[in-house]
Every structure is written in structure tokens, then in C-alpha cells.
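What follows is calculated from the coordinates using simple rules that are stated; it is not laboratory data. Worth saying up front: this structure is predicted, and the values here are computed from it rather than measured. Ideal geometry is used to build each Cβ from the backbone, glycine not excepted, and the neighbour counts take in all protein chains shown.
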Amino acid sequence: MGLRIGVAGAGLVGRLAALALARAEHEVTMFEASDSLSPKSSEPRAAAWTSAGMLSPIAEMETGGSAVRQLGERSLHLWQEIDAHLCAHAKTSSALNSGVGLQLQDSLMVCHGSDLGSAQRVLRLLDGDSARVIKLAADETAALAPGLKTGLHCWRLIGEGHLYPALAMQNLATAVPQVRWRFGEPVLGLTPGCMQLRHGAESFDWVIDARGVGAAREVPVRGVRGEVIVLAAPGFQLHRAVRLLHPRWRVYIVPRPDGQLVIGATEIESEDRSPISVQSTMELLSAAFSIFPSLAEARILWTDVNLRPATPDNLPWVDTEKGLLRLNGMFRHGWLLAPAVIEKALSDANLC
Ligand SMILES: Cc1cc2nc3c(=O)[nH]c(=O)nc-3n(C[C@H](O)[C@H](O)[C@H](O)COP(=O)(O)OP(=O)(O)OC[C@H]3O[C@@H](n4cnc5c(N)ncnc54)[C@H](O)[C@@H]3O)c2cc1C
């Protein structure tokens, strides 16, 4: 007989934890402040909905070091297993609508000739992993990223990839019908085995705090603003994420299965959720246009803003006492790190 487990927060971490716990035959109840499974972008919602979904254990070493690399490599393996599990349980036969939209065809890193100096600094930080970071010749670059401006320096990061966050969020929820979803129920606080709700307390064998920035009163977590722009670019042939190394801007372009492209993302030390600024719009679009001139005719579909949950050292926060597990601080690496962080945390707590 499984345990009764309450999860606070149906974002990325909450949904992944619920899936793992339900597969281990626990009885899971999920409490979420938003009113629905797929909240509108006009309301505060999980950072996961806004994110680009890049899975970049090599490139993210620049900001997260070797811990991010190790957890990221494990997560890449786990995403393949989760993707297969969700596809097997999907009611639709369309590969486009099942799973997490996982694409593991490597990623590209590019820089303009004038920025080669700062690119070399990043390349040195990437551990000098010559087997996984491969400098491409011009013809190889053109084949992998048609439309990329000629004359750029380009590296292929072997084993990196991306997924489709909106699809993954949807399917992570629908794959676990045995989870009880309680939307529009903000959790006010958690103590071991106890969830504090507006109408009073509810008891469980264990409770899990996965509220992201919503846990700021109990966890040293802050929000870091990130802005993205979504384009429609029909006919644009891009199958892998492209990251621009630039002295001032960290910009990437990630393809979606439906012909859309995500250009992201700013990283601003602010908890402001207001719409994207003119400056960020100009910088993101200019950077993207500087490497893909053919984006001039793409259409801007929408922009989005959200807060990444970050701890003081920008690394994941796992805190366990009997009956209470707190999982937070995935910062800019949630998709990259969460499967491995959750796997270890649930195993250490003897829950999976
Ligand atoms: C612009 C942007 C781009 C990103 N790109 C990438 C990327 O390419 N690759 C990558 O790996 N990561 C990326 N990330 C990071 C990733 O999205 C986050 O690390 C991840 O979503 C954090 O997951 P979480 O579950 O902790 O928080 P969230 O996804 O924010 O979920 C928290 C949930 O808790 C709910 N909640 C809050 N308070 C309460 C309460 N009191 N009671 C009940 N529920 C509550 C919220 O409504 C939400 O549903 C990006 C983030 C942003 C903003």
C-alpha cells in the first residue's frame, strides 16, 4: 500500500514528482494556485510554461559548473525514459502530440568573428571537452543550420537537445490520471505531514513543496526575470537549438515542432512580471537577426515573461526532514536538472 502524499505546486517540479510518485503507487494529491491545468499567459503561472526547453548540459557549464553537467547528463537519460513512458500512455497516435517533444540532435553554438575572444573564454570553461564540442567547417554549418549567416564561427555540442515545454507540461499531467488535481487551491505553508490551506490544514504521510518562487517565505528563493519572443517562421528549416556567444547578450533560438521559433531569454535580477521591455525586444531580435538574416520576414506571435526560481548560489535546493521535502531553485536549468534532482531526492527520502 502506497503512502498519502500531498504536492504543493503543479509546475515542472511538481508534475515530475507526481509522475514518479504515482508510478511508485503512492496516492498523490496536487495543490496548485492557478485555476487550471494549462493556465493562460495573462495570469502568473509556472515558469515552465514560458521556458525554451533547452537541454544543454555542456553549454550550461558556463553558468552552473560541473554539478549542472553531471545532473544534466543524468536528466537527458531520464527524459528519454519519461518520453517513452508518456508516449506509451498517450491516447493519441500522433507522435507530435504525445511525449515531451524530445529532440536530441545536438545543438549549435555560434559567434561573430569579432567576438571570437569572448567565445574562447566560454569554450575553455566548457572543460575543453573536444569529443563533445566540435568546431564545424562552413559547409557543415550550412547543412546543419540552413539560413545561418555565412562567416560565423560554429561549434556542434554533441548530445545536447531540447523539448517542447507546453506539450510536456500537458502530457505530464494527463499521463497520471490517478493523481487528484486540486486547482485554485494555494498552499499557505507546509510542515511535516501537513499542508496549510485557506480553509484549514490537511494531513498526509508526506508533503512536498514544489512552489518555485511561491515558496519565498519559507525557502531562500528569489525570482529572476526572463523574457522570450515567439515567432512564426514558415519554411524556416531549423531542427536544433542555436546559441549565440556574445559579450553582452546570451541569446538562443529554439525550434518548435509547429514551425515556430522561440528567441530567448533575458536574465534580469528583478521579480517584475510586467510585459517585455522595448530594450529587451530590440536586443533579442537584433541578436537573432544578426545570425539569421532570413528572420526579417518572420512574424512576432507573442512575447512572454516569467520568473526563474533561484537560490543564493543559483543551484538546486533540496531540503528533507521526515514528512516534508522541499525541492526548489532550478533557476535557468529546470528542464535540464529536475528529473535527476527529483530522482535522487525521492530515493534519499525512501519514497521511490
Ligand atoms: C524565460 C525562461 C526560459 C527558460 N528556459 C529554460 C531552458 O531552456 N531550459 C531549462 O532547463 N530551463 C529553462 N528555464 C527554467 C525552468 O523553466 C525553471 O527552472 C522551472 O520551470 C522551475 O520549475 P519549478 O516547478 O520549480 O517552478 P515553476 O515551474 O515556476 O512552478 C511552480 C508552480 O507552483 C505554483 N505555486 C506557486 N505558489 C503556490 C502556492 N502558494 N500554492 C500552490 N501552488 C503554488 C505555481 O503556480 C506554479 O505552477 C527557463 C525559465 C524561464 C523563465
Open item on the list: Pick from 208, 268, 342 the residue whose mean-square fluctuation is largest in a GNM of the chain, springs joining Cα atoms under 10 Å.
Closed with: 268
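Given a cut-off of under 8 Å on Cα pairs at least six residues apart, what relative contact order in percent is computed for the chain? Don't skip to the answer; put the middle values down first.
Working: 761 pairs, mean separation 86.0, N = 352.
Relative contact order here is 24 percent.
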- [ ] With label points built 7 Å along Cα→Cβ from the Cα atoms of residue 134 and residue 23, find their separation and express it in nm.
- [x] 3.1
Open item on the list: If I take R0 = 51 Å and measure r between the Cβ atoms of residue 198 and residue 105 in this structure, what FRET efficiency does the formula 1/(1 + (r/R0)^6) give, to the nearest 0.05?
Closed with: 0.65
Task: Beta bridges by DSSP in the chain, antiparallel share as percent, to the nearest 5 - done: 70
Task: Dipole of segment 212-322, positive direction: furthest Cα of 309, 263, 291, with charges on the beta-carbon - done: 291
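Output the DSSP H helices from the chain with an along-axis C-alpha extent of no less than 15 Å and a mean Kyte-Doolittle hydropathy no less than 1.0. All intermediate terms of the calculation are to be shown ahead of the outcome.
On the way: long enough: 12-23 (17 Å, 1.43); 61-89 (36 Å, -0.36); 278-291 (20 Å, 1.04); 334-348 (21 Å, 0.73).
The qualifying helices are 12-23, 278-291.
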Open item on the list: What are the extents of the Cα atoms of segment 211-250 along their three principal axes, in Å, largest first?
Closed with: 47, 27, 16
Task: segment 236-347, relative contact order [Cα under 8 Å, separation at least 6], % - done: 15
TODO: For residue 178 paired with residue 347, estimate the spin-label separation in nm (one decimal), with each label point 7 Å from Cα along the Cα-to-Cβ line.
DONE: 2.2
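Just flag the trypsin sites (Lys or Arg not before Pro) in segment 42-110 sitting in loop per DSSP whose Cβ has no more than 10 other Cβ atoms within 10 Å. Working shown, then result.
On the way: sites: 45, 69, 74, 91; in loops: 45, 91.
When the trypsin sites (Lys or Arg not before Pro) of segment 42-110 are filtered for loop state and at most 10 Cβ neighbours within 10 Å, 91 remain.
Report the full-extension gain for the segment residue 216 to residue 274: residue separation times 0.36 nm, less the Cα-Cα distance, to one decimal in nm.
Values: separation 58, 0.36 × 58 = 20.88 nm, distance 1.93 nm.
The span from residue 216 to residue 274 would gain 19.0 nm if fully extended.
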TODO: Could you pull the Cα extents of segment 26-72 along its three principal axes, largest to smallest, in whole Å?
DONE: 38, 33, 12
- [ ] For a quick protection proxy, order the peptides 281-290, 209-218, 236-245 by their average other-Cβ count within 10 Å, most packed first.
- [x] 209-218, 236-245, 281-290
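Can you give the relative contact order of segment 50-120 as a percent, counting alpha carbon pairs under 8 Å and 6+ residues apart? Don't jump to the answer; show the numbers that get you there.
Values: 33 pairs, mean separation 14.5, N = 71.
Normalised by residue count, the contact order of segment 50-120 is 20 percent.
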- [ ] Order the peptides 54-65, 105-116 from the highest to the lowest mean number of other Cβ atoms within 10 Å of their residues.
- [x] 54-65, 105-116
Task: DSSP-loop trypsin sites (Lys or Arg not before Pro) across segment 1-41, with at most 15 other Cβ within 10 angstrom - done: 40
Task: Per residue, the convex hull volume that the Cα atoms of the chain enclose (Å³) - done: 132
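Could you compute Rg(Cα) / (2.2 N^0.38 Å) for segment 45-144, with N its residue count?
Computed over Cα atoms of segment 45-144, the ratio equals 1.32.
How charged is the neighbourhood of residue 325? Take every other residue with its Cβ under 12 Å from the Cβ of residue 325, and add Lys/Arg as +1 and Asp/Glu as -1.
Details: positive: 322, 326, 344; negative: 205, 209, 319, 321, 348.
So the surrounding residues net to -2.
Mind jotting down a quarter of the surface of the convex hull over the alpha carbons of segment 122-215, in square nanometres, one decimal? Kindly include the intermediate steps, with their values, before the conclusion.
Details: hull surface 45.0 nm².
It is 11.2 nm².
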Task: Net length gained if the chain between residue 319 and residue 158 were fully extended (0.36 nm per residue, minus Cα distance) - done: 54.6 nm
Open item on the list: Can you compute the FRET efficiency between residue 232 and residue 121 using 1/(1 + (r/R0)^6), with r the Cβ-Cβ distance and R0 = 22 Å? Round to the nearest 0.05.
Closed with: 0.05
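Given R₀ = 22 Å, what would the calculated FRET efficiency be for residue 78 paired with residue 4, taking r from the Cβ atoms and rounding to 0.05?
For residue 78 and residue 4, the calculated efficiency is 0.30.
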Task: Three principal axis lengths of segment 177-293 [C-alpha, angstrom, descending] - done: 57, 34, 22
